[in-house]
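A short write-up of the structure that comes next.
Here, each number is a calculation from the coordinates, and none is a lab measurement. Just so you know, these numbers come straight off a predicted model, no measurement behind them. Here the Cβ positions follow ideal geometry from the backbone for every residue, glycine too, while neighbour counts run over all protein chains shown.
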Amino acid sequence: MGLAASQARFLAITARKANCEFQSMQIAQQQLSLSRDMEKISQEYQDALNQTQLVWDPDGNGTSLYDLSYNLMMYPSELNNYEPFMLGRRDGKIALNSSMAAAMKGLEAFGLTEDGFVGSDEDKVKAFAAFMGNLQAEKAAAPSGSIIYIKDAGLGGELFGREYGGAMSITSMISYIDLITQGAASGAYPVDSDYYKQAQNLTFEWPNSSDLAGNWNDFKSKGNSILINGNYNNSSFNLADLLNEDITLLVKDRKNLNTVMDSLRTVLKNSSDNSAFDTLIQNDVNVWYDSLNGSGAFNALDATSKALLTFVDTLAKGMFSLLMPKDYTETDLNAFYMAMDDLINRLSMDKCQNIGNLPFLSETYAKNAVQKAEDYNTWVKNGKTYAISLSNLTEAFLTNFANGRNGFDGPYGVFDKVKDSYYVTDDPGFIYEVNSGEEIDQDYYISEFYSILFNTICQNGWYENEYVDDKEYLDNAIKAGQLFVVSRGSDNYYYQERYVQINGGHIMENPDSDAIAQAEREYIVKKNKINTKEEELEIQMKQLDAEIASLTTEYDTVKGLISKNVEKTFTLFSN
C-alpha cells in the first residue's frame, strides 16, 4: 500500500474510531441516566410502600376499618355511634360541605351568622328547627322523623348512656326527661306508647292554673300561691326543670297553709297502705283524692291546695314510672314509701324556718323568702309569706329513695339545711336505673347528634369548604394540620385536637393498599422499560467495544506501515 493510500486509510480509521468512542461515551451517559432513573423509581416505590390513608375505626380495636370521609364524621350513623366528629380550621370555625353550608345559610334572621350565634334561647330553638328543615330540603342525609333540640348537648351535657341502656348519670337522665316530654308535646309519640305515658307522668300541669297568681299584684289580691321559676310565672314544667333549676312555691297566710298540710296528711299519711298507694300511682290526682275523701273533695280545695297536691301526685307518679324497677322488691317499695313520707313531713308546718316575724305582706319580704328557700329543705317564713323550694324537695326525694334501696350504705343524707345535706344528685358518678321504655328511640341519638353539631357551630361559627368531600384532600388536610378534629372532651364540651389525640382514637393511619398496588404496577412497568433499555445499550456498547478494538488493531497496523514508508523515503533520498 502506498504512502498516500495508507494516510487516507489512517485518517478514515481515526475518524471512525473517534466516532465509536464518542458513541460509547454517549451510551455510558445513557446508562448513568438509566441508573439514576432506576434509583428514582426505587425511591418512589419505597415511599409508596410507606403511604397511608386515614381510616375510621368504630370500636377502637382495629378489626373493622372504613375509609374516612366527611359524611362519616358529620352525619349520624352507627359507625360514629351517633356522635359528631367535626372538622374545624385554626380559628375554630367548623368546616361545612356545600350541602351543610346551604342548610346553614339564611339563618341570620334567627341570630346565627358565620361567626356564631347571638340571640335568645327561643331564637336558638327556631334556628335549629330552620336548620333541620333546610337539611331535609337539601337532601343532606337529614332524617324526617321527630328531631328535638337539646340545649346542653355539646355544651357540658352528658351523652345519653349508649353503653348502659337504662342506666344513666344525672345529666343523661335530665336529657332523657327533656327528650320524651318535648317529644310527647310535639306529637312524636303515639298516645298509647310507653314514652308518651311516661312523659305525662313527668310533666307538671296545674289544674285551674288561672287561679294561681302570675305576678305580685295578682298574688297580693287573690291571696293564692305563686310558682316562681326565675321571674314570676306559673307555666308547666317537668321533672328535669326541677332538677336543673330552682322552682319555688310562694304562699300567703298560715291558715291557708295549714289547710294544705291537713289535706296532704289526710290523703298520704298512710302511704304504706298498698291500696291507698296504688290508688295514688294509678289514678289522676282528683280521682284518688276524691276516692279517699269523698266525691267533689278535690274541686272544693283552694288553688294552693290543688297546686301542692298536684306536685306530690306528679312527683310520685313520675319517680315511680322513671325509677321503680318493673320487678320491684319489697325493699324498693319501702324505699319509695320512706321517700314519700319524708316529702310529706317536709311539706308540713312542723319544720318552718322563720327569717322574719313582722306581720307585713310586701314583695321585698316575699322575694327574700324565695331566696332563702333555696338554702332549706323546709318551708321558710318571712312576714306573712311562706316559700318552699320544690327543686330541693325533688332532690331530697331522690336521695332518700337511693338511700333506702342501698340500705343507707353511702355518703348521702338530707337535713333541714342544704349546706348540711349531700344529695345523690350532687354525685355526678351515681348511676340511676331508669325505665326508658322497651328500646331507646333512635331519634333521641339523632337529636343529640344534630344538637351537638348545631351548638358547636353556634359557639365557634362556620365556613364553607367545598373540598372536604374529596377523600385525598380530606386526608392531606387532616394529616397536615390544616383541619382539626373537634371532638368531645372529658367535660362533655367539644375541643379541637390533632386527629391522633381524639377521644376513643377512632381515626388512624393505615397502609394505603390501593396506592401501594398502583405504585407497584408503575414500578414494574418502569423497571422493565429501564432494564430493556439497559440491555439494548449493553449490546450496543459491546458492539462498539468490539469495533473499537478492531479499529485499534487496524489503526496500529496502518500507523506502522506509514512509519515504515516514511522511513524508507527518508533513507532513499538521504543517499
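A few comments on the model shown:
- The trypsin sites (Lys or Arg not before Pro) of region 307-358 that DSSP puts in a loop, and whose beta carbon has at most 10 other beta carbons within 10 Å, are 326.
- A DSSP coil position with no more than 14 other Cβ atoms inside 10 Å describes the following GluC sites (Glu not before Pro) in region 416-467: 438, 439, 466.
- Among beta bridges that DSSP assigns inside region 314-432, antiparallel share in %, nearest 5: 55 percent
- Pairs beyond 26 Å (Cα-Cα), from 197/252; 105/479; 17/542; 105/126: 197/252; 105/479
- Relative contact order for region 273-373, counting Cα pairs under 8 Å that sit 6 or more residues apart, in percent: 19 percent
- Cα gyration tensor category, rounded, prolate or oblate, for region 83-142 with a/c compared to 1.5: oblate
- Per-residue HN-Hα couplings for region 418-429 [Karplus 6.51, -1.76, 1.60; θ = phi - 60°; Hz; x = Gly/Pro]: 4, 5, 8, 9, 10, 5, 5, 6, 7, 9, x, x
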